[in-house]
Structures are given as C-alpha cells and as structure tokens.
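A short write-up of the structure that comes next.
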Amino acid sequence: MATSDMPKLNAALNLGLDAGLTVSEAKEILVQLYAYAGFPRSLNALGELLKVVEARKVRGIEDAPGREPGREIPTGEALIAVGTANQTKISGGPVKNAVTDFAPVINQFLQAHLFGDIFERDNLDWQSRELATVGALAATPGVEAQLRSHMGASLRVGLSAAQLRQVVRILAEHADPQAGERASEALTQALAAAAEH
C-alpha cells in the first residue's frame, strides 16, 4: 500500500485473508495507514481490497467479516484526553520536541485524530496497528526517524524483538530489500534505546 504496488498488495491481501485476517481487520489497517501514506494510497488500497474480496467470493471463498469497533469513540475534550493518554503510553512519555513546539497543531492532530479517533478503535489491537505502521514506514524512504519511533512503540505495546526481527526478514524477502534494511537499522536503534532505559 505504501508504495502503491497494487499487484503486491493484491497478493499480500490474499495471503493475509488465507491466513485468517478478517475483512474488517484488513479494512482497518488500510484505513489507519492513510495517516502514514496518505489518503490517495489508502483509498486505492481499499479499492484493491474490495476487488480481492469480490474475486474470492466468485471463487467460492467466503472470508470472515470480522467485527466493527465495539466501543464509542469520545469527542471533544474527552477525545483529546484519551488520545493524549494513548500517545503517551505508545510513545513512552509525553510528546514534546522542537517540531511540536514549532507547530503545536500537529501534535493536537496526532492526539485527537491518530491516537484518539484511530487508535481508540478496538477492532484491531495496538500490536497489529504498530506492525502495519512499521511496514508502511519501512517501505517509505525518508521517514527513518518515524520508523525508529514506531519500532520503539512496537516494543512498548508488547511486540518482542524476535517478532520484529521476523518483520524485518519478511520485508527484506517479500517487500523490498531496502525496506528490510531500513527496518533492520531502526530495530537495532530501538533495541539499543530500550536497553538504555
């Protein structure tokens, strides 16, 4: 999805559905990734998922629909509060840096929308959300700082170093060798940072 490679996305979606990924989980991942890869890529990927699901139905494959979020997403000040709490937990502390000081609105959008509206949806766990994010960021040259940050977040939400090494291997073998290299370097740095704390 992050590279707009529809044939590879088609194959990956089929593999995921074959392995038990529900349609709802696939949709949720592709919706969430708009925050990292942009609305056009997300919309195109959702269109590809629709084609995959319809083609599978024609072949007699009925994929598990999955479930929609089960809890109501707060609004207003409650949304900011839950989003800030989610961001702090996932980031390992309050997010405050030169960029958020320079443009505070970006952190407000992150807190309210990404960590509030999106990460508060309970039909996909945080580990799955972070795995999807790591994959998308690894496939995108030039976002190594964010990839490092999400490797660290992946560890904080309960993914193991062994699981993340497996992601690195899968990216190198099935996505793109450069994506695997970026992910490997980010994981090495995230593990070193985690060992310091």
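The values are calculated or read from the model by the stated rules, or taken from the named source; none is laboratory data. Small disclaimer: the values here were computed from a predicted structure and weren't measured. Neighbour counts run over all protein chains shown; Cβ positions are idealised from the backbone, glycine included.
Some points to look at:
- Considering (1) closer than 19 Å to G116 by Cβ; (2) under 16 Å from the mean Cα position of the chain (by Cα), the lone condition that L30 does not fulfil carries the number (1).
- Screening the candidates G158, G135, G116, G152 for the property of being outside the structural domain of V31 (by TED's automatic domain parsing), over 16 Å from I90 (Cα atoms) and modelled with pLDDT of 95 or more yields one hit, G135.
- Selection status of G60, closer than 30 Å to A153 by Cβ and either polar (S, T, N, Q) or surrounded by fewer than 17 Cβ atoms within 10 Å (Cβ to Cβ) (or both): no
- Search result, residues across the range 15-29 that are surrounded by fewer than 17 Cβ atoms within 10 Å (Cβ to Cβ) and within 27 Å of P141 (Cβ to Cβ): L15
- R67 in a helix (DSSP H, G or I), surrounded by 11 or more Cβ atoms within 10 Å (Cβ to Cβ) and not aliphatic (A, V, I, L, M): no
- Filtered residues of the range 90-103 (kept if among the aliphatic types (A, V, I, L, M) and assigned to a helix (DSSP H, G or I)): I90, A98, V99
- Of all residues assigned to the range 76-89, none qualifies as being part of a loop (DSSP other than H, G, I, E, B) and under 21 Å from the mean Cα position of the chain (by Cα).
- Listed by position, the helices (runs of 4 or more DSSP H) enclosed by the range 118-178 that each have at least 1 residues that are over 29 Å from V99 (Cα atoms) are 161-170.
- Remark: I106 falls outside the filter, which requires a residue to be outside any helix (DSSP H, G or I) and not assigned by TED's automatic domain parsing to the domain that holds M151.
- Filtered by the rule that a residue be within 16 Å of R182 (Cα to Cα), in contact (Cβ under 8 Å) with a residue 24 or more places away in the chain and surrounded by fewer than 16 Cβ atoms within 10 Å (Cβ to Cβ), the range 108-143 gives a lone residue, P141.
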